[in-house]
1. Taking residue A:399 in one copy and the same position in all the others, each labelled 7 Å out along Cα→Cβ, what are the pairwise distances from the first, in nm, shortest first?
2. At q = 0.06, 0.08, 0.11 Å⁻¹, what base-10 log of I(q)/I(0) does the Debye formula yield for chain B when every alpha carbon is treated as an equal point scatterer in vacuo?
3. How large is the translational diffusion coefficient of segment B:404-522 in µm² per second when you combine the Kirkwood radius over alpha carbon pairs with Stokes-Einstein at 37 °C and 0.692 mPa s?
4. Can you give the convex hull volume per residue for the Cα atoms of the protein assembly as shown, as a whole number of Å³?
5. Roughly how crowded by other chains is peptide B:180-191, in terms of the mean Cβ count from those chains within 10 Å of each of its Cβ atoms?
6. Which of A:452, A:472 comes first, and how do the rest follow, when ranked by fewest Cβ neighbours within 10 Å?
7. Give the percent of DSSP beta bridges with both residues in chain A that are antiparallel, rounded to the nearest 5.
8. Considering every residue in A:97-110, what mean count of other chain Cβ atoms within 10 Å of its Cβ is obtained?
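No lab work stands behind these numbers, since they all come straight from the coordinates. Everything quoted here is computed from the prediction, not taken from an experiment. Because the Cβ atoms are built from the backbone with ideal geometry, glycine has one as well, and the counts that use them run over all protein chains shown.
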2 protein chains.
Amino acid sequence: MQRAAVLVRRGSYPRAAGSWGRSQSSAAAEASPALKVRPERGPRDRILTLESMNPQVKAVEYAVRGPIVLKAGEIEMELQRGIKKPFTEVIRANIGDAHAMGQQPITFLRQVMALCTYPNLLSSPSFPEDAKKRARRILQACGGNSLGSYSASQGVNCIREDVAAFITRRDGVPADPDNIYLTTGASDGISTILKLLVSGGGKSRTGVLIPIPQYPLYSAVISELDAVQVNYYLDEENCWALNVNELRRAVREAKDYCDPKVLCIINPGNPTGQVQSRKCIEDVIHLAWEEKLFLLADEVYQDNVYSLDCKFHSFKKVLYKMGHEYSGNVELASFYSTSKGYMGECGYRGGYMEVINLHPDIKGQLVKLLSVRLCPPVSGQAAMDIVVNPPVPGEESFEQFSREKELVLGNLAKKAKLTEDLFNQVPGIHCNPLQGAMYAFPRILIPAKAVEAAQSHKMAPDMFYCMKLLEETGICVVPGSGFGQREGTYHFRMTILPPVEKLKIVLQKVKDFHIKFLEKYA
Amino acid sequence: MQRAAVLVRRGSYPRAAGSWGRSQSSAAAEASPALKVRPERGPRDRILTLESMNPQVKAVEYAVRGPIVLKAGEIEMELQRGIKKPFTEVIRANIGDAHAMGQQPITFLRQVMALCTYPNLLSSPSFPEDAKKRARRILQACGGNSLGSYSASQGVNCIREDVAAFITRRDGVPADPDNIYLTTGASDGISTILKLLVSGGGKSRTGVLIPIPQYPLYSAVISELDAVQVNYYLDEENCWALNVNELRRAVREAKDYCDPKVLCIINPGNPTGQVQSRKCIEDVIHLAWEEKLFLLADEVYQDNVYSLDCKFHSFKKVLYKMGHEYSGNVELASFYSTSKGYMGECGYRGGYMEVINLHPDIKGQLVKLLSVRLCPPVSGQAAMDIVVNPPVPGEESFEQFSREKELVLGNLAKKAKLTEDLFNQVPGIHCNPLQGAMYAFPRILIPAKAVEAAQSHKMAPDMFYCMKLLEETGICVVPGSGFGQREGTYHFRMTILPPVEKLKIVLQKVKDFHIKFLEKYA
């Protein structure tokens, strides 16, 4: 090091190193006259401020954990400090977090995870053999037989094989492990694929079609990537169905200001809960083929279908059944996760995506991009494995596993119906059937006087409504404006995850609140 | 849905839905004359190609898992298929993946993780009480007492408290849990902070100063974000020390083409292993203060210091010891991880960052940005907790924990010395002392004829060298060009993670290969 030069510069230190083993050079600097004449400095401006920060990040919004959730946290703190409220607890119905709402983990899944975590347990008689078999299979595929090793960036090989086998069973159409990428929850997969897809400037900037209402991950990632958000509206009058003509309109109009080349579908819908018919999926795929749109199918709620006249059809399956011109051409990425379904293992951040017709060059680019973050959490990959490779008839854990799974899904179906029925008894609330997923997204009447009151608080009317609901009842839901809705309509999203008896109380409280709200602002 | 319009459009289907429960409308379309006159179509061009993809992602490079690692995978497959090679296994010395190299997990850490995963084990007599105490503390802080719940986006509260207590103990300077953010490995924290910092266009685009050689996460994220990479060269002649004058030169020259406002430091160095002196850190902090640079201190190897005359000093500690004008002004984010140190738990993707002097508005923006991905893996957060809150004297597991920790670190120190000594016995290899981290980054002589041969293969000379090394010995190391190096110099990065006896063999093989290589291209 060129010490002399450093010493010269040192004279400009604002204050020397203090008593903490100060070096000779800085002691010399402290005594230098140059330091004494320098004007006193106050606290300096920050380098990173709202003005200087990344404007795309600044533009990001994510309502599911937005201001209302911060407020919920504050209220919880107040309750803990003994401040009196008209309620004793905050009920977080804002986010699909099943275990937080008391749902018990699936025993088999946790047994396998514990065995993988601490392999000494493999010799314990208190774990079933089928769980040990799964754990051994996973560990053998991990470097050093440890969940603590990095996996391949695409994910552990044998887990990708199990995912492919699961898809093949589900769809009756072969799946290739090479097309499977394990991810850090579905969000990671979705944002990774979008990251690859965004390019161009001005009118040739990539446009991404998303449903309105949407899950706000989409708008957030589009903003981060400075892509162009193109809205297509779901048909509330028709159980939030996707209308292909509306999609066509959106594509057509978007061509004036961007290059629409990505189409995002959420099926079953979030926040809207609709389950797409096969006919509708065919129409969408045809449109994607015709308009050259890259399809993203967010299918994380595929296990969560409650209406008896609805059935989940994967985009992959429908694509293949439409014949080779489609299945050999339409580019599709579909997403699944450990967080939803009957397992609700959100915390492990497990997920996968399957890509169809991805150009081989792009596969290389994708692996490269994923490799920068090294790998998805291996524990989340293991959790994903158990979801796609559950106990089968004849195995020791099959009966308990099936019982636990059915209990969760049966309760969700009950709660979906209960919620729809109860909301529709309230004047000024209309709720479409909750065909699937785990949310109600009722439309609420907000009287003109309440809209005015909201405006005077500089709040969206439904934010105003949800804040009041939170403050008066402790129930935390997310305003529809966080998901997008047709101008002049108002909604909120509420999960149906609280246990049945608690959910009944929640719904009654919302009802009472709503009636009072209508009276107050009549 | 407006069915009529859909039906009209359906005439343009290229092929109908086939035998799979075909709908009436598509059957009608199949018979339509319009379809028959349409010309036959071949396979269509893909939407997502190298030409159309995000050019910033295309520009990303990540050598640690690059072409050499793909080649290693191919060779492993060939070995499995029984193809004869001059070696029987591939040794992956390309990545700091301790467990994959046979290092055993820390028992206490895995016990706590297993207890958290499957809380039934809390009643098992085969787990120590101190592990149970940790597990209960973590679970009580999780929604529904489950690792399967989402945590707050910033991380589980009590784990952030434990991290703050750890930093306070380490530095003798208070740390605030509000300044701690749990992350998905350190990579996630680094890229998140960089994402916030990048803005501006043309000459005002954010410049990010990184050491050369660097860990290629930095160049990859800079490329992804379309920021400007500004190189400062570490001083190979001086044990890879950071020379502040060189840093000053880099800042000065960068001002001609960008707005240099971020300074990344890796200490201990990766791939270079140097440990910064307190004096050097003071100089860097002063420069950051003077030039208004936001500091990123990558301190993931803080436990990995081997040279007896070196000691790890955190940037946070030095910053605070420099007095309030610095500690109240300089913006700093520092990073730690469960992946390195003595625990080597890469697969859990645990980590944290501490931010100092982050503007309150930006804290809000950071939490918002993190919330889009919901939360870091909760199992990784739990692993991080155990690292920062290990057994203490008097606790049941203290002795075993300390023994295991010392064993790993003692072996690494031995291997650091062994590697340096052996490399320096080879003509044409020069290796600086491995003061810390877990890599050797020796400089290698590549004769002119080998450089020519590399050029004829369109390869960087050190890539050519490393490919030959892999093909002839099965040893996978990463060429220096993947990290950056001074023009005309060549290096490779090799981990020192294989067990001592195996490492000796590896080093001997590299030596033999190198001598043969020099002879061949003399």
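1. So the label point of residue A:399 gives 4.6 nm to the other copies.
2. -0.36, -0.61, -1.01
3. 224 µm²/s
4. Enclosed volume per residue, from the Cα hull, is 189 Å³.
5. Rounded to a whole number, the mean comes out at 2.
6. In order of increasing Cβ crowding within 10 Å: A:452, A:472.
7. Expressed as a percentage, antiparallel bridges in chain A total about 50.
8. The mean count of partner-chain Cβ atoms within 10 Å per residue comes to 5.
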